[in-house]
Ligand SMILES: NC(=O)c1ccc[n+]([C@@H]2O[C@H](COP(=O)([O-])OP(=O)(O)OC[C@H]3O[C@@H](n4cnc5c(N)ncnc54)[C@H](OP(=O)(O)O)[C@@H]3O)[C@@H](O)[C@H]2O)c1
């Protein structure tokens, strides 16, 4: 079915939480959802950047209702406090798991718990957040959890024998492996929610290839250098702005025809309107999902409340 990004359904009365919402795809997802009338909670690690994004949305979208919430997805205390804040919300209709490292460090780094930083940021923190905040979503029939995957999932793989890349770290393996793992998480979550008879839907999306140099400039939110604009514009044939990339998670949140287990991305793979698209077999593998789930539980220090 078609989807018109210029005529979004009325989202007034609904609350959506977006992680990593102060920049990039997360910012534009928040702005577009606010424009559709949703109350948007921008969950960000840096209070100043969060405030810049919140005040920018208020300036650009008349009558927007937005608020900032502190969240560093690599910090357990911060995740747990954010989960408690979600449980205290009147309603949570959707949670967009967007925060991520897209340019991983060259050398392997770890968070305070000793988990590899890219896996921690792109998967483990969200795993813990969802595990703890799930009752908030369960209260709203048909609520959604939207996980940001990537086209990189087509090129990378998860190393079950070295998930944390202790012996085989490269920045590319860290990023692509984390995005395979994120997609596996999203689809395994869908299977577990269905098996438990939950009405919460888990949807996985990827925003194609969206660059900041092709994105409108906004002070405090997106300020690419001239050189970056120049280089990104050279790639215009196969890239789009992060404002366009955000159309995909926005559809995943708002389209009533989207169902748990769906995978959405841009129509022309790297760019274009948001459509249903095929995910890799590995991402959808129940065997890989079952193998990774206990590893996620162990590394995140959080048993998941679904069998
Ligand atoms: N852009 C693409 O082409 C593309 C393609 C495939 C998938 N994706 C996925 O889409 C998502 C957004 O990507 P993007 O291009 O918009 O990236 P981005 O512009 O670099 O934005 C990343 C966001 O995540 C936040 N973040 C990073 N580490 C965090 C942490 N520990 N706790 C909380 N927030 C944190 C950043 O906050 P700070 O400002 O504080 O760093 C920022 O708000 C990512 O999951 C990425 O993997 C993007």
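Read the figures in this text as sums done on the coordinates, not as results from a lab. Because the structure is predicted, anything quoted here is derived from the model rather than measured. When we count neighbours, we look across all protein chains shown, and the Cβ atoms used for this are built from the backbone with ideal geometry, even at glycine.
Calculated FRET efficiency, residue 168 and residue 291, Cβ-Cβ r, R0 22 Å, to nearest 0.05?
It comes to 0.75.
Only bridges with both residues in the chain count here: give the DSSP antiparallel percent, nearest 5.
Around 15 percent antiparallel, to the nearest 5.
Given a 10 angstrom Cα cut-off, can you work out which residue in 185, 230, 296 is the most mobile in a GNM of the chain?
Among 185, 230, 296, the largest GNM mean-square fluctuation belongs to 230.
How do 206, 276, 103 rank when sorted from fewest to most other Cβ atoms within 10 Å of their own Cβ?
If I rank by nearby Cβ atoms, fewest first, I get 103, 276, 206.
So what's the gap between the Cα centers of region 8-41 and region 151-185, to the nearest angstrom?
Distance between centres, Cα-based: 29 Å.
Sort 283, 168, 225 so that the residue with the fewest other Cβ atoms within 10 Å of its own Cβ comes first and the one with the most comes last.
Working: 283 25, 168 13, 225 10.
Least crowded to most crowded, the residues run 225, 168, 283.
Once you have the Cα-Cα distance between residue 48 and residue 225, take 0.36 nm times their residue separation minus that, and quote the gain in nm to one decimal. Write out the running numbers ahead of the final one.
Working: separation 177, 0.36 × 177 = 63.72 nm, distance 2.08 nm.
Separation in residues times 0.36 nm, less the Cα-Cα distance, equals 61.6 nm.
With springs only between Cα atoms under 10 Å, which of 75, 90, 190 fluctuates most in a Gaussian network model of the chain?
90
How much of the DSSP bridge set in region 1-141 is antiparallel, in percent, rounded to the nearest 5? Working shown, then result.
Working: 1 of 15 bridges.
Percent antiparallel among DSSP bridges in region 1-141 is about 5.
Averaging sequence separations of C-alpha pairs under 8 Å and six or more residues apart, then dividing by the length of the chain, give the relative contact order as a whole percent.
18 percent
Quick one: grab the alpha carbon gyration tensor of the chain, order the square roots of its eigenvalues as a ≥ b ≥ c, and give me rounded if a/c is under 1.5, else prolate or oblate depending on whether a/b is larger than b/c.
Here the chain falls in the rounded category.
Report the FRET efficiency, 1/(1 + (r/R0)^6), for residue 12 and residue 159, where r is their Cβ-Cβ distance and R0 is 51 Å, rounded to 0.05.
0.65
If you rank 31, 116 by fewest surrounding Cβ atoms within 10 Å, what's the result?
116, 31
What is the Cα centroid distance between region 214-248 and region 84-122, reported in whole angstrom?
23 Å
How much length is gained if the chain between residue 275 and residue 107 is pulled fully straight, taking 0.36 nm per residue apart and subtracting their Cα-Cα distance, in nm to one decimal? Don't skip to the answer; put the middle values down first.
Details: separation 168, 0.36 × 168 = 60.48 nm, distance 3.61 nm.
Value of the extension gain: 56.9 nm.
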